[in-house]
1. Under the classification rounded if a/c is under 1.5, otherwise prolate if a/b is larger than b/c and oblate if not, where does segment 181-282 fall, given a ≥ b ≥ c as square roots of the Cα gyration tensor eigenvalues?
2. I'd like to compare 77-90, 350-363: which one has the highest average count of other Cβ atoms within 10 Å, and what's the full order after that?
3. Under a straight-distance cross-link criterion of Cα-Cα below 18 Å, which aspartates and glutamates are reachable from Lys214, leaving out those fewer than 8 residues away in the same chain?
4. Quote to one decimal, in nm, the extra length available between Ala383 and Ala338 on full extension: 0.36 nm per residue of separation minus the C-alpha distance between them.
5. Grab the eigenvalues of the alpha-carbon gyration tensor for segment 347-418, scale each by 5, take roots, and send me the semi-axes largest first in whole angstrom.
6. Which order do the peptides 383-395, 322-334, 58-70, 127-139 come out in when sorted by mean C-beta neighbours inside 10 angstrom, highest first?
7. Once you order the gyration tensor axes a ≥ b ≥ c over the Cα atoms, which shape class does segment 180-241 get: rounded for a/c under 1.5, otherwise prolate or oblate by comparing a/b with b/c?
8. Expressed as cubic angstrom per residue, what is the convex hull volume of the alpha carbon set of segment 288-418?
Amino acid sequence: MRNIRQALAGFAPVPATVLTLVAIHQSLGIVVLGAAVALMAGRSAQPHSPWRLLLVPVGALVIATFAVLFHAAHAYGDAFFVVTVAAATAARAFGPAAGHLGRALVLPLIGMLIAPVNPGGHPLRTLAWATLAVFIAEAFVLLARLAWGTAAEAELPSTAAARVHVWRGVQSALALTLAFTIGQVVFGEHWPWTVISAYTVGAAARSRGDALLKGVHRTLGALGGTLVATVLAFAVGGHKPVAVALLLVVLAAGSYLRQFGYAWWAASVTAALALLYSLVGVAGTAALPLLGTRLIAVVAGALCAVLPAVLVAPIRTGAVLRKRTAECLRSISAGEYATALRRLAALRESAAPLLAVRRFHDRRELRWVDALGALEPDLRTLAAAEDPAALRRVRKALGPVVDDLRAAVAAHKSPVRV
């Protein structure tokens, strides 16, 4: 039930933003921009406070700069986008506040790729509407979290060395440079699909294994979404009200199913894109070639993200698991059981690449995940109240994990401290 409430809180701003913008502005680009920002901000795990609305003017400046530069010459806009995203990624080296600021500024920039704002005839008027769309989207996200009582918890502090964030910034810069080059040379006016795919695969990748897994999920999701979209392209035709309703339903389903696998989200976005085509007059059989082109562009973008993650200062999945296991153990030892539960969730997320191939290659790190995962009921009990029996079970189960982790640290000469 809690997951459903979180999904509703995350998605509710989207239809609210769409209805508001449609009522006050008829430009499809502005409406889609607002919906994209609402969707991305609503899914964000970072705290969403009223102070974030003050960043909208700064975001507007980012939008304006990108729009003007890109309108003048693609190369200028490309370079600005790459530098901004890379700087926002590397900014996490300076602490959570800098990381939050970077992500808040990147959201409208990604929205611009989905719904480009052309400052052509009336630049100030167009950019003012774009700013208003972002403000409305952010305001509805804030209201949804307040209404549904799902305000995000304080983010766990990053324990990664500053150089790790800097290298992630370098990786994102290389991935996006490849994506812009390949997208604009090979896919013409549909180049944003390659760039968006490279960003979504590489932006939140925790390790090279995570980047590979996200690339596979995005490809499989895009393939499944293309099959669904083929049916929708024929069924909807040019009926815009039906297309809008189905589009919102598909995205709502994807927002909920995303917790079970990123492939579901990729599939829903691909299917939603087919419905978006019907809104701009591309329907029926005319949409099918575009769906095939998008699938190829998505795969190309995923490869653009995976290559730097694997070849440039790669972060090994095993190293991430050793570190997160140690963090979870320290939280339990300190009696910080609520924090330990959150670190356990982070450990499971980091283990996803190894879990995906466990049938073919079992790793010792997965035994730690299993052992700590089995303690989750006792940890929840201890987080709520003292329970001597639960505490004894936890302490008894931790011994083998600590010993095996120390052995693994020694074998890898890792600086992890338990």
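Throughout, read-outs are computed from the coordinates displayed, never taken from laboratory work. This is a predicted model, so every value here is computed, not measured. Don't worry about glycine lacking a Cβ; one is built from the backbone with ideal geometry, like all the others, and counts go over all protein chains shown.
1. oblate
2. Averaged packing, sorted descending, gives the order 77-90, 350-363.
3. Qualifying aspartates and glutamates at Cα under 18 Å: Glu349.
4. On the way: separation 45, 0.36 × 45 = 16.20 nm, distance 0.54 nm.
Once the chain is fully extended between Ala383 and Ala338, it gains 15.7 nm.
5. Details: eigenvalues 125, 54, 20 Å².
In descending order, the three semi-axes are 25, 16, 10 Å.
6. Output ranking for 383-395, 322-334, 58-70, 127-139: 127-139, 322-334, 58-70, 383-395.
7. oblate
8. For segment 288-418, the hull spanned by Cα atoms encloses 148 Å³ per residue.
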